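The values are calculated or read from the model by the stated rules, or taken from the named source; none is laboratory data. The model shown is predicted, which means the values in this text are computed figures rather than measured ones. Quick reminder, even Gly has a Cβ in these numbers, built from the backbone with ideal geometry, and neighbours come from all protein chains shown.
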Amino acid sequence: MQPPGTRPRDSTPMVLPFPRPGRLIQDAYQDLEVAANSSLQRLSTFSGLDDLPRPWDPARCTDRDLRLELWAWLDAVVSWHNHQQVWDAHATIPACWPHHPHLVHQIAVLADQRHHAGQALTSDLLEDWHRYTLPAFTDRMNNQLREHCADSHQPWPAQGRHSRYQAESSRAERQGRFESDTSTWTFPQTATGGRL
């Protein structure tokens with residue numbers, strides 16, 4: 001124990017702040033906030049509402065600079081996570097995460113949820129992130145990766161099944177089943193044409 005008023009030997013902070021998203025990501029969040037808090041009348045004047053980038057869904061970030069900024073932010077979030085949130089090695093996100101689309105999708109949501117929890121005026125969202133979001137992410141990651149990338153990146157074990165699924169013969173067989181199902185089924189008629 002250090003005497004009062006003396007400097008500790010280790011000058012490293014006990015905790016590090018969650019990485020801040022860059023300006024383009026912050027702008028995307030601001031646009032989404034404006035849209036979310038707009039009246040229905042005002043929303044009807046917006047064009048391209050469906051095209052607004054959503055940082056939690058990287059495929060929706062189609063601007064090159066925004067996407068590069070998103071990758072840099074997610075990489076910083078992974079580094080922060082592995083240093084600030086993990087004690088046992090099984091919970092670390094592997095360095096090869098960009099090679100795993102399932103992890104890319106999940107890390108984006110993890111980062112988004114943690115960012116919003118840190119912006120909240122109470123600790124409720126942060127408690128939910130620690131209690132539910134982070135453990136659920138860790139469980140999914142461990143279930144999906146198992147020990148495949150513990151020491152180095154491993155090729156996708158499901159590549160064979162995916163290739164077979166994408167093969168033209170498999171597509172044709174599935175399409176045949178879809179058409180067979182819909183040709184034998186009697187669909188009920190609705191007064192509104194099936195839409196609300």
>> Could you list, ordered by first residue, the pairs with Cβ atoms under 7 Å in which the first is in region 23-50 and at pLDDT 75 or above and the second is surrounded by 10 or more Cβ atoms within 10 Å (Cβ to Cβ) and among the basic types (Lys, Arg), at least 6 apart or interchain?
In response: 32/54
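Among the candidates 53, 19, 94, which residue alone is touching a helix residue (DSSP H, G or I) at 6+ places or on another chain (Cβ under 6 Å), closer than 23 Å to residue 141 by Cα and either part of a loop (DSSP other than H, G, I, E, B) or among the small types (Gly, Ala, Ser) (or both)?
The match here is 19.
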>> Only one of 88, 50, 139, 124 is exposed (fewer than 12 other Cβ atoms within 10 Å of the Cβ), closer than 30 Å to residue 157 by Cα, over 16 Å from the mean Cα position of the chain (by Cα) and not basic (Lys, Arg). Can you tell me which?
In response: 88
> Among the residues of region 99-110, is there at least one that is without any contact (Cβ under 8 Å) to a residue 40 or more places away in the chain, surrounded by fewer than 20 Cβ atoms within 10 Å (Cβ to Cβ), over 30 Å from residue 149 (Cα atoms) and not hydroxyl-bearing (Ser, Thr, Tyr)?
Replying inline: no
>> Cβ-Cβ distance below 7 Å, separation of 6 or more or different chains: which pairs start in region 68-80 with a residue that is of a type in the set (D, E, K, R) and end on one that is outside any helix (DSSP H, G or I) and surrounded by 16 or more Cβ atoms within 10 Å (Cβ to Cβ)?
In response: 69/22
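Quick one: would you say residue 127 is farther than 21 Å from residue 79 by Cβ and modelled with pLDDT under 95? Lay out the reasoning, then the answer.
Values: farther than 21 Å from residue 79 by Cβ: yes; modelled with pLDDT under 95: no.
Considered against the rule, which asks whether it is farther than 21 Å from residue 79 by Cβ and modelled with pLDDT under 95, residue 127 comes out as no.
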> When residue 30 is evaluated against the numbered criteria (1) surrounded by 14 or more Cβ atoms within 10 Å (Cβ to Cβ); (2) assigned to a helix (DSSP H, G or I), which criterion, by number, is the only one it fails?
Replying inline: (1)
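If the requirement is being without any contact (Cβ under 8 Å) to a residue 12 or more places away in the chain, closer than 30 Å to residue 19 by Cβ and out of contact with any Leu (no Cβ under 6 Å at 6 or more places or on another chain), which of these qualifies: 131, 161, 171?
Within the list 131, 161, 171, the selection yields 131.
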